[in-house]
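Here is the structure we will look at.
The values are calculated or read from the model by the stated rules, or taken from the named source; none is laboratory data. The structure displayed is predicted, hence computed values, not measured ones. Neighbour counts are summed over all protein chains in view; Cβ atoms, including those assigned to glycine, are modelled from backbone coordinates with ideal geometry. The accessibility values were calculated without ligands, DNA or RNA, using every heavy atom of the protein model including side chains. Shrake-Rupley method; radii C 1.70, N 1.55, O 1.52, S 1.80 Å.
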Amino acid sequence: MKKKYKDGIYTGESQSRYTGEPYRGQATLEIKNDKIIKLTFQIIDKSNNEVFGPNYEQHFKNNPEYMQQCRNDLKGIKAYTEKFNQSKKLEQVDAITGATWSYNIFRDAIKVALEKAANK
């Protein structure tokens, strides 16, 4: 039976539909024996060359709404990565209310990585 994926480490990068923004999701998948072993994921602000992390909200310290949005999306990134690593299936990872932006970037970056890993 033909393998679906090639063994290796594959990175996918995507802006999803947010092409006017400087953010890129980076999904790195480790694949062995046709199985996804591990996913790591992050969003990078390419204009500042900075990882979207716990301190990122400080860029919006005068805008409480954006600060809260940063917190929501950070929770989403963590939850999406954990859920994917548990299930190993993208279709089992659902968007979280308030964190759709990070979900779309997450989903599309993984799709790019899987496309690179596909055994065509």
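Annotations
- If the convex hull is drawn through the Cα atoms of the chain, its volume per residue in Å³: 103
- Given charges at Cβ of Lys, Arg, Asp, Glu: the chain dipole, positive-most of Ala109, Tyr5, Thr19: Tyr5
- Set of lysines with alpha-carbon distance to Lys3 below 22 Å, sequence-local pairs under 8 removed: Lys32, Lys35, Lys38, Lys88, Lys89, Lys111, Lys116, Lys120
- Mean separation of Cα contacts under 8 Å, 6 or more apart, over the residue count of the chain: relative contact order %: 34
- Cα centroid of segment 35-65 to Cα centroid of segment 1-31, whole Å: 17
- Anisotropy class of segment 1-67 from Cα gyration tensor, a/c 1.5 cut: prolate
- Take the chain with all the other protein chains still there, run a 1.4 Å probe, and you get 61 Å² of accessible area per residue.
- A Förster distance of 25 Å, applied to the separation of the beta-carbon atoms of Lys89 and Glu13, puts the FRET efficiency at 0.75.
- Gain on full stretching of the segment that runs from Lys61 to Glu30 - 0.36 nm per residue minus C-alpha separation: 7.5 nm
- Counting only DSSP beta bridges whose two residues both lie in the chain, roughly 100 percent are antiparallel.
- Loop trypsin sites (Lys or Arg not before Pro), segment 1-31 (other Cβ atoms within 10 Å of the site Cβ: 10 or fewer; DSSP): Lys2
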